[in-house]
Structures are given as structure tokens and as C-alpha cells.
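The values are calculated or read from the model by the stated rules, or taken from the named source; none is laboratory data. These numbers come from a predicted model, not from an experiment. Positions of Cβ are generated from backbone atoms using ideal geometry, with glycine treated the same way; all protein chains shown enter the neighbour counts.
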Amino acid sequence: MALQFLSIRTIFLFLLVLVATEMGSIMVVEARKCLSQSHSFKGLCLSDQNCATVCLTEGFTDGRCRGFRQRCFCSKPCLKV
């Protein structure tokens, strides 16, 4: 009887630990970034800071100089639909 009680207790403890570890798992997913070329930036984009400032005025969250032709591209998190 004692052996049966011990194995039931062991199984219960194992299941409890299994459920607890599954509940503690959190998946972190980064939001995708939507890119758009700036409509207000003029000339060659030589400074990421200037690009980001112009992008903020256009309603974006960030901006970077990109590509061979050094254009200003604005970015913001994509909305889920």
C-alpha cells in the first residue's frame, strides 16, 4: 500500500512540475516594421539623425538612410489586421 501511495504521489508531483513549466513559458515576438520612403526628406541622406527627425514629423517612429542611393526610409510597427 505504501509503495502504491508513493508512486501516485510521484506521478502527481511530476504532472504538477510539468504544468508549472508550461505555464511559465512566454513567447516573445517582435513586431514587424513597416518601411516607407520619406516624402519630405530632400537630397542625399547622409545622417540617420536628420532622417529620423523628418520621419517623426511624418508620423513615423524612426528613420534610417538606406540603399546605394542613400534615401531616407521611415519605419513604424505594422498594425495587425
| said: Checking residue 33 against (1) at pLDDT 95 or above; (2) touching a Pro at 6+ places or on another chain (Cβ under 8 Å): exactly one of these is not met. Which one? | reply: (1)
| query | Would you say residue 41 is aromatic (Phe, Trp, Tyr) and either modelled with pLDDT of 95 or more or within 20 Å of the chain's Cα centre (by Cα) (or both)? | reply | yes
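Yes or no, residue by residue, for (1) of a type in the set (A, V, I, L, M); (2) surrounded by 11 or more Cβ atoms within 10 Å (Cβ to Cβ); (3) not in a loop (DSSP other than H, G, I, E, B):
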{"position": "36", "(1), (2), (3)": "no, yes, yes"}
{"position": "41", "(1), (2), (3)": "no, yes, no"}
{"position": "44", "(1), (2), (3)": "yes, yes, no"}
{"position": "60", "(1), (2), (3)": "no, yes, no"}
{"position": "65", "(1), (2), (3)": "no, yes, yes"}
{"position": "68", "(1), (2), (3)": "no, no, no"}
{"position": "73", "(1), (2), (3)": "no, yes, yes"}
{"position": "76", "(1), (2), (3)": "no, yes, yes"}
{"position": "80", "(1), (2), (3)": "no, no, no"}
